[in-house]
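Please treat every number below as a calculation from the coordinates, not as lab data. Note that the structure is predicted; figures quoted are calculated from it, not measured. As a convention, Cβ positions derive from the backbone with ideal geometry for all residues, glycine included, and neighbour counts pool all protein chains shown.
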Amino acid sequence: MKSTAIIRFALLITVVAPSAHADEVARTPVTDPRPLMLAALQASDGQAHGVLTGDIAEAITKRFSASSPIYIDVSTEMRYAQPGCARLKVSFWQDGVNLPGAAAPRRQTVDFGINYCLDGRPPRSLS
């Protein structure tokens with residue numbers, strides 16, 4: 001199961017174009033993005049920042065000979081009427097990723113959006 005998750009993340013990270021991110025924020029170590037998603041829902045500015053740790057993070061970093069850890073940024077795009085629920089943007093990014101056939105290492109980013117609530121479920125309504 002862990003190898004399947006590594007392969008899926010590796011495939012995602014190879015197809016998304018690099019993007020710019022400033023890394024001048026305090027980051028919480030996490031083994032998955034859920035704690036950061038909950039923190040963003042509770043934060044007054046709607047944001048949370050972390051760094052992925054654990055076996056999967058180590059395997060991905062080693063596989064691509066990356067020069068940085070895997071960073072995670074979560075931001076609130078829209079809050080819903082249901083308390084504790086919002087549309088979140090979750091970004092995973094890593095510098096110095098060596099892709100097969102690429103001329104040089106580069107930053108790779110994977111972004112996704114998710115409707116999420118403090119109870120871990122999607123909102124009952126999107127209004």
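Listing Leu52, Leu118 from fewest to most neighbouring C-beta atoms within 10 Å gives Leu118, Leu52. For Ser127 and Thr28, the difference between the fully extended length at 0.36 nm per residue and the C-alpha to C-alpha distance is 32.5 nm. Distant-in-sequence amide contacts of Met78, defined by a placed amide H-H separation under 5 Å and a gap of 5 or more residues or a different chain, comprise Arg87.
Tell me, Glu24, Glu77 in order of fewest to most beta-carbon neighbours within 10 Å?
Working: Glu24 6, Glu77 12.
Neighbour counts put them in this order, fewest first: Glu24, Glu77.
Less than 5 angstrom separates the built amide H of Val97 from those of Ser67, Arg106, Arg107, Gln108, all sequence-distant by 5 or more or on a different chain.
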